[in-house]
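To start, the structure under review is shown below, and the notes come after it.
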Amino acid sequence: MFSARLLKLFPRQYLEDAITMASRITYYSKGSGRAASASLMHNAAGQEGLFRRSIFVMLLITTLMSLCLSRLVYIQLIHGERNRELAEQNRVRLIPVPAERGNILDRNGKLIAANRLSRSVYLWPRQQSPEQWRETANRLSRILNVPAEEIIARLEQAGYDSPLPVRVSQQITPEIFVALAEQAPSLSGVEVFAGSTRYYPHRSLAAHLLGYIGEASEADMKANPNYPVGMIVGQSGVERLANAQLEGVWGNRLVEVDANGKESRLLGIRSAQSGSHVKLTLDLELQQVAEQGLGDRRGAVVALNPKTGEVLAMASAPSFDPSIFTRRFTQAEWQRLQEGDQPFLNRAMQGYPPGSTFKIVTAAAAIESGRFSAQSRVGTAAFISLGGHQFWESSRQGFGVIGFREALAFSSNTFFFRIGMAAGPEEIATWGKALGIGTAGTLSLDGGNVGAIPIPSEKEKLYGEPWYAGDTVSTSIGQGLVQATPLELAVMVSAIANGGWRVQPHILDSQTNAYFSHRKHTGLAPETIAAIQAGLAAAVEIGTARRLNDGSIPPTAGKTGTAENPGPKPHALYVGYGPIDDPQIAVAVIVENGGYGGVAALPIAHELYKTFFKVPAKLANQ
């Protein structure tokens with residue numbers, strides 16, 4: 001039993017060695033039995049401890065070698081291909097080459113939006129660990145004036161293992177460029193690449209039409225998987241509407257880098273493809289005159305080709321400089337665009353009470369209703385009374401018995417009160433929509449609204465109130481619940497100018513043929529159109545717009561308007577077209593709180609006509 005236990009505790013070879021040693025001790029001791037036995041036990045205990053320590057060391061070495069071997073298998077065999085790829089990407093870099101956006105040109109080929117050289121700061125995510133990038137972000141924040149949190153957020157969005165660079169700042173100043181160059185040795189993974197940025201040579205001119213650009217959002221990236229990180233796309237206006245033509249295709253450069261991340265050899269290049277140029281229907285000179293006419297007043301100007309719907313000018317004041325969006329745009333700057341006079345608001349596509357310019361619609365509705373003919377005459381007075389309320393004539397005295405020509409020329413309120421009540425609100429709404437109010441569209445641009453001409457059922461549904469006779473009276477002269485955008489008013493007067501066709505307003509030159517072939521007829525009878533044309537011509541010849549009849553421009557036709565509103569003064573409006581014998585331009589002008597249309601709005605239209613007809617300055621000043 002004892003022998004069995006020894007064999008369990010010690011290997012056979014160990015026991016044999018121990019017996020041999022014991023024999024030798026016995027031989028030399030010769031009779032010292034007890035001492036020899038004690039010595040044997042002492043040596044056996046020492047050998048046992050040494051054995052156990054040897055076993056421990058061997059197990060430790062085996063474990064360590066097994067770990068190293070398993071890690072080697074994991075790296076070399078299981079993930080060998082992936083690791084070779086990562087190593088290659090650390091040696092070889094694919095650097096994106098931004099494509100230049102196409103230029104935006106006016107109808108005559110004049111430059112409205114272009115590009116110019118700029119420098120942007122990029123980070124290579126793999127060059128540092130996340131902890132190191134946090135420290136670097138704090139240093140870059142002080143140089144670039146970009147919050148460190150924003151830099152880290154961009155890195156995290158791309159991923160720290162991304163093989164492509166991440167842009168954290170664009171359009172840097174020469175001072176920032178020098179500061180980065182000085183600290184370049186200690187800023188691993190930070191590089192400055194040359195590129196281009198949007199350039200608007202006329203600054204705020206036509207800003208609401210042109211729109212602005214910005215970095216592609218997550219939604220843009222999902223919709224366009226081929227977009228590289230940092231892709232610049234149109235965010236509003238023409239920049240967004242024609243983005244597919246303007247954006248181009250980014251290229252890239254394949255380069256080999258050294259241990260410090262510096263380029264050592266160019267391995268290949270795929271050239272970027274610049275975007276296509278986009279030609280607008282806009283006339284740059286007319287646009288400049290329109291914006292100069294508005295000056296620092298709030299308002300809008302629209303000029304159309306009345307035959308095709310081409311937008312010749314569209315101004316909204318106040319305006320903004322779209323170039324501010326080509327750099328880092330702060331929340332405070334965005335907030336300022338939404339407050340105060342709201343320069344970001346495109347007033348050309350916002351609803352206003354159209355005032356007396358809407359009498360064109362009421363005249364059309366009255367004749368087309370069958371209750372009046374183009375030759376009908378109606379009595380006017382200083383006012384009419386309804387439900388205990390007095391609704392006054394524009395001149396505070398009647399014009400006697402007059403027809404449509406005189407009523408439009410002198411803007412008689414009581415004439416239109418009576419024919420409006422006879423025709424009814426539904427008839428007015430029907431013909432208002434046929435002429436473009438509420439249906440003329442917003443040029444497919446963001447931030448636009450359409451007008452409205454409510455009828456009794458709609459008022460009851462929206463406001464929970466019944467329709468009163470006074471509502472019909474207000475509607476007939478473009479007040480009350482009626483709203484129309486300056487763009488729609490230009491479409492309305494274009495339909496009268498061109499013989500009854502409602503054009504589709506558009507800003508891209510490439511759309512003209514398609515829109516012209518799909519224009520819709522309003523359904524107005526020729527005699528109705530002729531009666532309204534005669535009234536608008538008389539307004540310029542002898543009526544409220546006679547300031548245009550000074551010989552400085554060819555004969556035109558038009559209608560002034562003064563719209564009451566909660567502000568300190570009424571809005572001033574004017575719509576018109578010219579020349580009478582062959583209309584080539586239709587205009588709509590509104591000056592918020594400008595007072596009378598013939599005083600504030602009409603002079604702007606006059607300057608547009610002078611520019612359009614290329615009237616010599618000497619003649620224009622006579």
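Okay, residues lined up against (1) modelled with pLDDT of 95 or more; (2) in contact with a Lys or Arg (Cβ under 9 Å, 6 or more places away or on another chain):
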site: Arg347; (1), (2): yes, yes
site: Thr362; (1), (2): yes, no
site: Ala381; (1), (2): yes, no
site: Ser394; (1), (2): no, no
site: Gly398; (1), (2): no, no
For Trp467, work out the one condition from (1) free of Cβ contacts under 8 Å to residues at least 60 places away in the same chain; (2) of a type outside the set (D, E, K, R); (3) touching a Leu at 6+ places or on another chain (Cβ under 9 Å) it doesn't fulfil.
-> (3)
Among the listed residues Ser264, Ser323, Ser319, which satisfies the condition of being more than 22 Å from Ile580 (Cα to Cα) and assigned to a loop (DSSP other than H, G, I, E, B)?
-> Ser319
Can you name the residue in segment 326-340 that is in a loop (DSSP other than H, G, I, E, B) and surrounded by 13 or more Cβ atoms within 10 Å (Cβ to Cβ) and, of all such residues, is modelled with the highest pLDDT?
-> Arg327
Can you pull out the residues in segment 513-538 that are of a type in the set (Ser, Thr, Tyr) and touching a Pro at 6+ places or on another chain (Cβ under 9 Å)?
-> Tyr515
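Check Glu239, Glu182 and return the single one that is of a type in the set (Asp, Glu) and farther than 30 Å from Val289 by Cβ.
From the options Glu239, Glu182, the qualifying one is Glu182.
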For segment 328-338, what are the residues that are of a type in the set (Lys, Arg) and out of contact with any Ser or Thr (no Cβ under 8 Å at 6 or more places or on another chain)?
-> Arg336
Can you give me the ranges of the helices (runs of 4 or more DSSP H) entirely in segment 169-245 with at least 1 residues that are touching a residue at least 60 places away in the same chain (Cβ under 8 Å)?
-> 207-210, 237-241
Within segment 504-557, tally of residues that are of a type in the set (S, T, N, Q) and touching a strand residue (DSSP E or B) at 6+ places or on another chain (Cβ under 7 Å) = 5
Test: Gln132 is in a helix (DSSP H, G or I), closer than 28 Å to Asn243 by Cα and out of contact with any His (no Cβ under 8 Å at 6 or more places or on another chain) | no
Can you name the condition, by its number, that Ser385 falls short on among (1) in contact with a Phe, Trp or Tyr (Cβ under 8 Å, 6 or more places away or on another chain); (2) closer than 23 Å to Ile496 by Cα; (3) surrounded by fewer than 16 Cβ atoms within 10 Å (Cβ to Cβ)?
-> (2)
Selection within segment 108-125 - buried (at least 18 other Cβ atoms within 10 Å of the Cβ) and farther than 20 Å from Ile232 by Cα = Pro125
Any chance segment 413-434 includes a residue that's in contact (Cβ under 8 Å) with a residue 60 or more places away in the chain, touching a Leu at 6+ places or on another chain (Cβ under 8 Å), of a type outside the set (Asp, Glu) and within 30 Å of Val311 (Cα to Cα)?
-> yes
Condition broken by Asp581, with the remaining ones in (1) at pLDDT 95 or above; (2) farther than 22 Å from Ser476 by Cα; (3) surrounded by 15 or more Cβ atoms within 10 Å (Cβ to Cβ) satisfied = (3)
Within segment 477-516, can you find the residues that are buried (at least 24 other Cβ atoms within 10 Å of the Cβ) and in a helix (DSSP H, G or I)?
-> Pro486, Leu487, Glu488, Leu489, Ala490, Val491, Met492, Val493, Ser494, Ala495, Ile496, Ala497
Would you point out the residue of segment 517-551, among those that are modelled with pLDDT under 95 and touching a Phe, Trp or Tyr at 6+ places or on another chain (Cβ under 9 Å), that is surrounded by the fewest Cβ atoms within 10 Å (Cβ to Cβ)?
-> Lys520
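Residue by residue, here is whether (1) at pLDDT below 85; (2) among the β-branched types (Val, Ile, Thr); (3) under 25 Å from the mean Cα position of the chain (by Cα) holds:
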site	(1), (2), (3)
Pro163	yes, no, no
Val166	no, yes, yes
Pro174	no, no, no
Val178	no, yes, no
Gly189	no, no, no
Ala194	yes, no, yes
Tyr200	no, no, yes
Tally time: how many residues in segment 313-341 are without any contact (Cβ under 8 Å) to a residue 12 or more places away in the chain and of a type outside the set (A, V, I, L, M, F, W, C)?
-> 8
From the list Glu135, Glu149, Glu131, Glu100, which one is touching a strand residue (DSSP E or B) at 6+ places or on another chain (Cβ under 6 Å) and either at pLDDT 85 or above or surrounded by 15 or more Cβ atoms within 10 Å (Cβ to Cβ) (or both)?
-> Glu100
How about segment 280-294: which of its residues are closer than 15 Å to Ala348 by Cα and either in contact with a Pro (Cβ under 9 Å, 6 or more places away or on another chain) or surrounded by fewer than 24 Cβ atoms within 10 Å (Cβ to Cβ) (or both)?
-> Glu291, Gly293, Leu294
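The values are calculated or read from the model by the stated rules, or taken from the named source; none is laboratory data. Computed from a predicted structure; not experimentally measured. All Cβ positions, glycine included, derive from the backbone under ideal geometry; neighbour counts span all protein chains shown.
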